[in-house]
1. From (1) surrounded by 17 or more Cβ atoms within 10 Å (Cβ to Cβ); (2) assigned to a helix (DSSP H, G or I); (3) within 12 Å of the chain's Cα centre (by Cα), pick out the condition that doesn't hold for Phe76.
2. Inside region 1-16, can you point out the residues that are buried (at least 17 other Cβ atoms within 10 Å of the Cβ) and either aromatic (Phe, Trp, Tyr) or within 15 Å of the chain's Cα centre (by Cα) (or both)?
3. Quick one: count up the residues across region 20-53 that are surrounded by 18 or more Cβ atoms within 10 Å (Cβ to Cβ), among the aliphatic types (A, V, I, L, M) and under 10 Å from the mean Cα position of the chain (by Cα).
4. Would you check if there is a residue in region 54-67 being over 12 Å from the mean Cα position of the chain (by Cα) and polar (S, T, N, Q)?
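Bear in mind that the values in this text are calculations on the coordinates, not laboratory data. Note that the structure is a prediction, hence the values are computed from the model and not measured. With ideal geometry, Cβ positions are generated from the backbone for all residues, glycine too; neighbour counts draw on all protein chains shown.
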Amino acid sequence: MPASHRAHLEWTPGRLVRWARTVGPPTAALVEGVLTARPHPEQGDRSCLGILRLGKTHGDQRLEAACGRALALRAFSDRSVESILRTGLDRQPLLALVPPPVPLRPHDNLRGPGYYR
């Protein structure tokens, strides 16, 4: 087997997840999500390496926040995490993702909680 193929065999899904755990729980969860979202875990290797590479340029703390946001959005790709970091969304609170509840207008078809008692 060529040397490049042997080197690729060293990057097992378990090794990628262990490396992501050194950054933090959201990063590890995102890496696991990337690997399980693909039909074959090997298809997610480059995306996982891309996510972990972002920690070198942006720092582990920002990467953790970006991975948490990507998990909330169910965006399992390195490009999504990179976009979150580039636009500074990792510094925004996650609560901004939840829209405020819209009050319901009174209507004859809405029974309300009193109907079910």
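1. Exception for Phe76: condition (2).
2. Leu16
3. 5
4. Yes: one or more hits.
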